[in-house]
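Encoded as structure tokens, the structure appears first; notes follow it.
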Amino acid sequence: MEKLSGFVAERFWLQLVLSVLCASAVIMLISPGESPAAVLLRVAVSSVGGVIVLVGVRRRERRAVGGSTANVLSLDRKLRTGEVPTEPGERRAMRDLVEQRLHRTRHRVTATVFLVLLCASVVVMTAVTSGLRGAVGITLFLVIFVGWLIGNGSVQDRRLRRMRDALGTSGTQREPGLSDER
């Protein structure tokens, strides 16, 4: 499974194709009357904004670690397993990556509350316009999706905080042997 995950993580286009296909399948299950080509096209077009955001995030992470996508993936793998880097350069890159991700997720509770309210309004609007079948389908999907999102977000946040603590980066602490220059 780790090899498959690494393979997909290295190929952004594959992530995009798989996410568009999965989203299209969910939409076709909820609204079975639509043509598959129309659903696929609509999902692909509406994914453009997300692709732009993800490309920007990847670019900033590569800059933070001072290397390539392979460096980011290597540090991400160590972050997932909880392995603290020993080499000073790699520790510095991990520290920068962790701090960047923690900074990026600082408003996650507010965003989650907004997402839950948004999903509740989607369920209500679907119930009003689409009937019981559509409302039940979208409710099940959104409960599973938001539940997974909250659970996964909590796991990622704990990993980042544990790694920050393991690296000894509370903002003012310095790693022994490192110069003050960055």
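Excluding ligands, DNA and RNA, what is the solvent-accessible area per residue of the chain at a probe of 1.4 Å, expressed in Å²? Intermediate results must be reported in sequence, preceding the final value.
Values: 12040 Å² over 182 residues.
Averaged over the residues of the chain, the accessible area is 66 Å².
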Connecting C-alpha atoms closer than 10 Å in a GNM of the chain, tell me which of ARG101, ARG63, ARG42 has the biggest fluctuation. ARG42
If you place +1 on the Cβ of every Lys and Arg and -1 on the Cβ of every Asp and Glu, how big does the dipole about the Cα centre of segment 57-120 come out, in debye to the nearest 20? 200
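Rounded to a whole number of µm²/s, how large is the Stokes-Einstein D of segment 1-54 at 25 °C and 0.890 mPa s, given Rh as the Kirkwood radius over C-alpha pairs?
On the way: Rh = 12.1 Å.
D, rounded to a whole number, is 202 µm²/s.
What relative contact order, as a whole-number percentage, does segment 19-111 give when Cα pairs under 8 Å and 6 or more residues apart are counted? Don't skip to the answer; put the middle values down first.
Values: 40 pairs, mean separation 18.3, N = 93.
Averaging sequence separation for qualifying contacts and normalising by length gives 20 percent for segment 19-111.
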Cα-based Rg and Dmax for segment 27-86, in Å, come out at 18.1, 56
Helix 48-65 sits off the longest principal axis of the Cα atoms of the chain, rounded to the nearest 10 on a 0 to 90 degree scale, by 10
Helix 132-167: inclination vs the chain longest Cα principal axis, degrees, rounded to 10, gives 0
For the chain, what is the charge dipole size about the Cα centre, in debye to the nearest 20, if Lys and Arg each add +1 at the Cβ and Asp and Glu each add -1 at the Cβ? 180
Evaluate the relative contact order of segment 45-178 (contact order divided by residue number), counting alpha-carbon pairs under 8 angstrom at least 6 apart; express in whole percent. 27
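Calculate, for GLU2 and VAL128, the FRET efficiency according to 1/(1 + (r/R0)^6) with r their C-beta to C-beta distance and R0 45 Å; round to the nearest 0.05. Walk me through the numbers before you get to the answer.
Working: r = 45 Å, r/R0 = 1.01.
So the FRET efficiency works out to roughly 0.50.
Let me know the Kirkwood hydrodynamic radius for segment 1-137, please, with Cα pairs as the basis and the value in Å to one decimal.
Numbers: mean 1/r = 0.0556 Å⁻¹.
Computed over segment 1-137, the radius equals 18.0 Å.
The values are calculated or read from the model by the stated rules, or taken from the named source; none is laboratory data. Here the structure is a predicted model, which is why all the values come from computation and not from measurement. Reconstructed Cβ throughout: ideal geometry from the backbone, glycine too, with neighbour counts over all protein chains shown. Accessible surface areas use protein heavy atoms only, side chains included; no ligands, DNA or RNA. Shrake-Rupley method; radii C 1.70, N 1.55, O 1.52, S 1.80 Å.
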